[in-house]
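The structure appears below as structure tokens.
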Amino acid sequence: MRLTTKGRYAVTAMLDLALHYEQGPITLADISQRQGISLSYLEQLFSRLRKKGLVDSTRGPGGGYRLSRHANEIAVADVITAVDEKVETTRCGGLSNCQDDQQCLTHELWSELSQQIYEFLCGISLGQLVSREGVQEVAARQSRMQKEQQVGFTPKGATTHG
């Protein structure tokens, strides 16, 4: 399957927005810190997400990004296609020229798998992911870590070097 880091990072960043929706606009720097995705890469992704109408941006102090609609209305497949990713398992990228410029023996099988994966991702919204217990646990851990870093918290038993 050809789902690169572009698609994975876009879904991760959009899920981060969905998780922090109540906090107002979220900066890309916050997403970068929580998710370990480079800020410049996020800027590229969010340019595409904004052009496709999945996020709204607010400039200036207190600015950032928000989902353009409720998380339940944004399918994972929407996010992946917004950043020009394809859910494709064929060797030929769906062009039917896999073997000597002709369709290969297993082309239909892999095409059907690609369609199944796409339909699966169409059936899962960001809102559904937000409600998953495992996602909530990871988000809580990330928020704790971010707060600890902001206040210079040193875990018990750790030492700081200065």
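The values are calculated or read from the model by the stated rules, or taken from the named source; none is laboratory data. Just so it is clear, the structure is predicted and the values come from calculations on it, not from any experiment. These accessible areas exclude ligands, DNA and RNA; they are computed on the full protein's heavy atoms, side chains included. Shrake-Rupley method; radii C 1.70, N 1.55, O 1.52, S 1.80 Å.
Accessible area of His107 (1.4 Å probe, protein heavy atoms only, ligands and nucleic acids ignored): about 10 Å².
When nucleic acids and ligands are ignored and a 1.4 Å probe is applied, Arg48 ends up with an accessible area of around 90 Å². Ordered by solvent-accessible area of protein heavy atoms (1.4 Å probe), largest first, the residues Val55, Val151 come out as Val151, Val55.
For Lys6, the accessible area of its heavy atoms, probed at 1.4 Å with every protein chain present, is near 50 square angstrom. Semi-axes of the equivalent ellipsoid of the chain are 36, 18, 15 Å, computed as sqrt(5λ) over the eigenvalues of the C-alpha gyration tensor in descending order.
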